[in-house]
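Take a look at the structure below.
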Amino acid sequence: MKKNLPILTGLRFFAALYVFIFHINLTQPVDFLGTFIYSFIKQGAGGVNVFFILSGFILFYNYYGKQINFSEFILKRLAKIYPVYLAGFFICLIIVKVMQIEIKDFFEIQVMNLLMVQSYLPKFAQVWYGGGSWSISTEFFFYLCFPLLLHLISNLSKKKAILVFFLCLLCSIMPGILYNLKLVPFALHYAFPPARIFEFASGMIVAMLVIKYRITLSIIIIYTVILCSFLFFLFVGRKLEGYVIQNIIIIPLTSIILIISTTPKKHILNFLRNKLFVYLGNISYSFYIIQIPILIILENIDHFNIYNRFVTIIILFCINILAAMILYHLIEKPFHKILTKRIKDIFNKNTETLI
């Protein structure tokens with residue numbers, strides 16, 4: 001029987017927080033925190049990379065060895081992500097109307113965002129609501145591919161799985177290399193779903209290695225990757241353009257965290273089991289979505305400052321947390337429960353009819 005992994009729930013919040021601070025830094029620079037921290041925050045879009053890897057790991061961990069009904073699986077994923085996604089969409093729409101923000105091709109952008117297909121079209125991928133929700137559009141592409149990937153990855157031998165993992169690592173950084181060479185536009189290398197699926201697949205492979213082959217890591221490997229990560233973010237990452245190329249270190253680092261999180265031994269990540277961090281992890285999706293309307297407001301207000309930048313950022317964070325809590329308890333949690341129950345009832349009835 002698979003055990004619960006509360007550490008990964010807590011980890012989701014810190015990935016969302018990393019992205020939030022990265023976005024806030026665009027209008028409220030945090031350079032007052034010092035060179036290293038500022039450099040680290042400027043690479044905060046890598047938090048999305050962590051989300052993609054984590055998503056692949058958790059889905060494989062939950063569905064390995066199970067038969068998947070494709071329609072039921074997709075509907076359940078929609079029940080999880082779409083209510084909050086739709087709420088964020090309408091909040092952003094209200095903001096645009098109230099603030100009288102002009103957006104070119106706005107009708108087409110709205111339609112693509114409602115259908116969650118914006119990430120497939122570089123011209124519109126990161127415009128308006130797509131500025132943050134592109135990742136949900138891309139994530140949904142992963143869900144569509146998941147049943148097939150589950151079948152393929154589940155049947156890999158240990159050696160082949162490790163080989164495919166490194167192939168995914170290589171393929172995941174290729175879009176970033178092409179962007180740094182000025183061969184592809186930013187949105188195509190960053191938001192286009194097929195360009196990002198290797199992060200998701202790498203998370204699935206790590207889960208398979210943990211579940212099926214009980215893989216463990218030596219202390220030398222763990223500390224080597226951690227040291228390389230520190231050096232990369234301090235000296236290398238900030239000099240590279242785009243954020244996909246960071247997978248060269250984000251995938252190995254996240255993979256190590258995922259493997260460590262499944263071990264029963266006490267380790268540095270055990271603090272993430274705390275009820276507070278588990279709760280914050282539970283609201284992390286709402287936390288991620290609700291930042292988008294806040295960012296739209298900030299982008300359209302000149303010189304927004306409450307007292308100083310530090311106080312402003314703290315207040316924005318508190319507003320985001322409070323709004324995420326409201327969104328989670330009023331929209332995400334109840335709608336997910338109702339819709340999931342309805343989906344189960346529909347497919348149970350279909351099964352009974354066949355019998």
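The values are calculated or read from the model by the stated rules, or taken from the named source; none is laboratory data. What you see is a predicted model; the values in this text were computed from it and never measured. Note: ideal-geometry Cβ built from the backbone for every residue, glycine included; neighbour counts use all protein chains shown.
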Given the condition at positive phi, basic (Lys, Arg) and more than 21 Å from the chain's Cα centre (by Cα), answer yes or no: does some residue in segment 208-219 qualify?
yes
If you check every pair at least six apart or on different chains, which have Cβ atoms under 8 Å apart with a residue in segment 213-242 that is of a type in the set (Phe, Trp, Tyr) first and a residue that is in a helix (DSSP H, G or I) second?
Tyr213/Lys158; Tyr213/Ala161; Phe232/Gln246; Phe232/Ile248; Phe232/Ile249; Phe233/Ser39; Phe233/Phe40; Phe233/Ile249
Within segment 271-284, is even one residue under 15 Å from the mean Cα position of the chain (by Cα), surrounded by 15 or more Cβ atoms within 10 Å (Cβ to Cβ) and assigned to a loop (DSSP other than H, G, I, E, B)?
yes
Test: Ile313 is without any contact (Cβ under 8 Å) to a residue 40 or more places away in the chain and β-branched (Val, Ile, Thr)
no
For segment 202-217, state whether one or more residues are among the aromatic types (Phe, Trp, Tyr), over 23 Å from Gly47 (Cβ atoms) and surrounded by fewer than 23 Cβ atoms within 10 Å (Cβ to Cβ).
yes
Report, ordered by the first and then the second residue, all pairs with beta carbons closer than 9 Å, sequence separation of six or more or different chains, a first member in segment 248-272 that is under 22 Å from Val48 (Cα atoms), and a second member that is modelled with pLDDT under 80.
Ile260/His267; Ile260/Ile268; Ser261/His267; Thr262/Lys3
Exclusive hit being farther than 30 Å from Asp345 by Cβ, at pLDDT 95 or above and of a type in the set (A, V, I, L, M, F, W, C), set Phe106, Phe36:
Phe106
Since Tyr307 meets every condition but one in (1) out of contact with any Ser or Thr (no Cβ under 9 Å at 6 or more places or on another chain); (2) surrounded by 18 or more Cβ atoms within 10 Å (Cβ to Cβ); (3) of a type in the set (Phe, Trp, Tyr), which condition does it not meet?
(2)
From Val236, Val225, which residue is under 27 Å from Asn4 (Cα atoms) and at pLDDT below 95?
Val225
Which residue is surrounded by the most Cβ atoms within 10 Å (Cβ to Cβ), if the candidates are limited to segment 34-89 and must be part of a helix (DSSP H, G or I) and among the polar types (S, T, N, Q)?
Asn49
Is there a residue being outside any helix (DSSP H, G or I), farther than 27 Å from Ile109 by Cα and touching a residue at least 24 places away in the same chain (Cβ under 8 Å) anywhere in segment 152-167?
yes
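I'd like to verify a number: residues in segment 285-306 that are in a helix (DSSP H, G or I), over 12 Å from Ile321 (Cα atoms) and of a type outside the set (A, V, I, L, M, F, W, C), how many?
Applying the first criterion (in a helix (DSSP H, G or I)) to segment 285-306 yields 285-299.
Checking which are over 12 Å from Ile321 (Cα atoms) leaves us with 292-293, 295-299.
Within this subset, residues satisfying the condition of being of a type outside the set (A, V, I, L, M, F, W, C) are 293, 299.
Total satisfying the criteria: 2.
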Count, please, the residues in segment 178-203 that happen to be among the β-branched types (Val, Ile, Thr) and at pLDDT 95 or above.
1
